[in-house]
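Structure, as structure tokens:
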Amino acid sequence: MNYVVGLLVTLGVLIVIHEWGHYRVAVACGVKVLRFSVGFGRVLWRWRRRADGTEFVVCALPLGGYVRMLDEREAPVEASERHRAFNRQSLARRSAIVAAGPLANLALAVVLFAAASWAGVQEPKAVFGAPVAGSIAERAGLRSGDWVQAAAVDGSAWRDVSSMPDLLWQITQAAMQREALALRVTDRDGRGAHTVTLDLAGLDAGEVDAGLAHRIGLGPAFGEPLVGDVKADGPAAQAGLRPGDRVLAIDGGAVPDSGVLRERIRAGVRQGQPLVQHWVVERGARQVDLDVVPRVDASAAAPYGRIDAMIGSPAALVTVRYGLVDGAARGLRRTWDTSTFTLKMLARMVVGEVSLKNLSGPISIADYAGQSVKAGPVRFVEFLAIVSVSLGVLNLLPLPMLDGGHLMYYIFEGVTGRPISEIWLARLQRGGIAVLLAMMSVALYNDVARLLGL
């Protein structure tokens, strides 16, 4: 149910804001608006203030919307009304009306990002567990328990790191630019400040996706290597492990955090058979030696070990909240950063540097919407902001059928002094429809592939 509600609210809000942008600027320019529609197809609800006013409707298929204006190219217009027709407006007014929809989405994103910043949210602290051996992160000098306080791209100004998601976003942007990212790091108590540098210049653009952190070798958020609830008669209980035990070492190798502990447990199987692991745990003021034999879990392609106990303490959380001015500035910066990142990703998809698998369709949007609804109102507001940016940027692309395509026609008209010919307009419209259908098909295929685990 969360997925359906999240998707409907997301589409409803973003479509209304987009079309409202077109509508308000059209009215301000003196253009008569015949219909303001949310969705397509059969009309479910309609309202009109007066007989000759705008008709507001909600239709059955909520995958878009439109604002229909008086236009001589679509139907005959009475002489007394021609001054209110869209096609009779100046080039500047027509351009403003068309651009208003995407700009309304971008303005909404600024407000939503700012609102989320003002409300505040709890996020994992930017303290890492142990990096993957031999990875970029390990070569840079990151170690378990390092707390990243600030980051800078290739000598630029340092930006404070408020949380783990904030840091991962800065890493993603640096990786997209193929530039090194300097990190100002301390221990978990804020002592021993030093600088390490992630060398991201060698990454391919195609590697900038959801798996980027893993490719760089960044460990999960730091958690203490503690044993939690122990299931009766499971391997942990049989070995004598107790809730609250702190794991110091397994088979002579230090266990600095919960991520390493989980890896060692999973590795306690060889060729489908369990291994005897020698554990050293801290219990109160003393150390205890135990032999633990994980059970084999064959539910995955490669069998792995389990001990039937909760592992690790929760990651430390920090409340990220900004004041009025800082929150507004962050809303502007997040909208700008997300917009430029989206454009760069799309550009690299076009030239083949980034996989088309990164395109998402309605199924993925519904999934993310449902997850953000469950995560709380602030997360859902941030999700709305991200999708609003994507919608605004997408509609500004110079593709026929999109707002950006119409703006390209007006640029041509402004340069040449004449509108684009009807023949070329028809050709470009057909080409634009083909491109959009191809993009939608790829996005839908990706959604289904993710759903089926392909």
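The values are calculated or read from the model by the stated rules, or taken from the named source; none is laboratory data. Note that the structure is predicted; figures quoted are calculated from it, not measured. Heads up, the Cβs are rebuilt from the backbone with ideal geometry, glycines too, and the neighbour counts pull from every protein chain shown.
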The lone exception for Gly211 - which of (1) crowded, with 17+ Cβ neighbours inside 10 Å; (2) under 27 Å from Leu346 (Cα atoms) it fails: (1)
Residue among Val127, Val58 that is of a type in the set (Val, Ile, Thr) and either closer than 29 Å to Asp337 by Cα or surrounded by 21 or more Cβ atoms within 10 Å (Cβ to Cβ) (or both): Val127
Unique residue being more than 26 Å from Leu399 (Cβ to Cβ) and touching a Ser or Thr at 6+ places or on another chain (Cβ under 6 Å) when the list is Val111, Val57: Val57
Number of positions in segment 235-277 that are of a type in the set (D, E, K, R), over 20 Å from Asp146 (Cβ atoms) and assigned to a helix (DSSP H, G or I): 2
Criterion violated by Ala92 - all others in (1) in contact with a helix residue (DSSP H, G or I) (Cβ under 6 Å, 6 or more places away or on another chain); (2) under 15 Å from His406 (Cβ atoms); (3) loosely packed, with under 14 Cβ neighbours inside 10 Å satisfied: (1)
Tally of residues being over 24 Å from Glu19 (Cα atoms) and in contact with a Phe, Trp or Tyr (Cβ under 8 Å, 6 or more places away or on another chain) across segment 382-441: 2
Selection count where residues are under 36 Å from the mean Cα position of the chain (by Cα) and part of a loop (DSSP other than H, G, I, E, B), scope segment 55-82: 0
Any helices (runs of 4 or more DSSP H) falling wholly within segment 311-427 and containing at least 3 residues that are crowded, with 16+ Cβ neighbours inside 10 Å and modelled with pLDDT of 90 or more: 324-350, 377-395, 403-416
